[in-house]
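Note sheet for the following structure.
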Amino acid sequence: MNFIAAVQMGKIPHKLLTANGSGTSLVRANSRPEGNYVVPHRVDGVRGGRSRRPYGDTEEDPVDGIVLLKEDHKTVEKLFKQFEKAGDNAHAEKRKIVDQVIDELTTHTWIEEKIFYPAAREAAPDSKGHVLESVEEHHIVLWMLSELKGLDPTDERFDAKMSVLMENVRHHVEEEEKEWFPDVRKAMGRNRLTELGEQMEKAKKKAPGEPLAVPSAHE
């Protein structure tokens, strides 16, 4: 079933469409707009309201693990673009956007390292090299997130660090989505990916808020 048909049949609610209504990207159902950036709800003290799925109407909707990770990528890319559009002196806005980026990427790297990467290596042994490289890239990103977390947005290094972070993450995402995910999908199959998606969605509720708590930060 394609995206448009899914919307027409009520499988994907219209509220998940972006403002332009094109359906080319989705916004998490558990997020609410505030100003020019997305502010996640808090549920049970966990930032991001991670008990909700990033898409789908009901708890019975299947969650494909690769689709879930790609939706995370879209969410982060949207935040990157908002940061790039913010004015040079929009320090408060940039601070809020960066805090969201820290939250999203910390959670994303956590579920990849705890669940997806081990499963991918098991299903596709040839992916070992890619997994090891990805973990090293995570290490760099997580330390940059930690530095940004404690850096004043008026500091002249703030925008520079964010620019380097965005460059690293975009490179990481491009490699995963174009070079690696297709092979992993073939190796795992739909049922296994759905199982992993369910596990990762649940794991988001337990993800740490501190970037350096993710394993690869100290490997």
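Observations, loosely collected:
Let's see how each residue does on (1) modelled with pLDDT of 95 or more; (2) small (Gly, Ala, Ser); (3) touching a His at 6+ places or on another chain (Cβ under 6 Å):
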| position | (1), (2), (3) |
| --- | --- |
| Val76 | yes, no, no |
| Gly87 | no, yes, no |
| Ala92 | yes, yes, no |
| Ile102 | yes, no, no |
| Glu112 | yes, no, no |
| Pro125 | no, no, no |
| His138 | yes, no, no |
| Gly150 | no, yes, no |
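- Near pairs, Cβ below 9 angstrom, 6+ apart or cross-chain, from segment 197-219 (hydrophobic (A, V, I, L, M, F, W, C)) to any residue that is modelled with pLDDT under 95 and part of a helix (DSSP H, G or I): Leu212/His218
- Taking segment 142-219 and the helices (runs of 4 or more DSSP H) fully enclosed by it, the elements with 2 or more residues that are of a type outside the set (Asp, Glu), within 26 Å of Arg121 (Cβ to Cβ) and open to solvent by less than 10 Å² (accessible area, probe 1.4 Å) are at 181-188, 190-203.
- From the options Ser134, Ser127, residue that is over 18 Å from the mean Cα position of the chain (by Cα), crowded, with 16+ Cβ neighbours inside 10 Å and either on the phi < 0 side of the Ramachandran plot or of a type outside the set (S, T, N, Q) (or both): Ser127
The values are calculated or read from the model by the stated rules, or taken from the named source; none is laboratory data. If you're wondering where the values come from, they're calculated on a predicted model, not measured in any experiment. Ideal geometry is used to build each Cβ from the backbone, glycine not excepted, and the neighbour counts take in all protein chains shown. We work out accessible area using only protein heavy atoms, side chains counted, and drop any ligands, DNA or RNA first. Shrake-Rupley method; radii C 1.70, N 1.55, O 1.52, S 1.80 Å.
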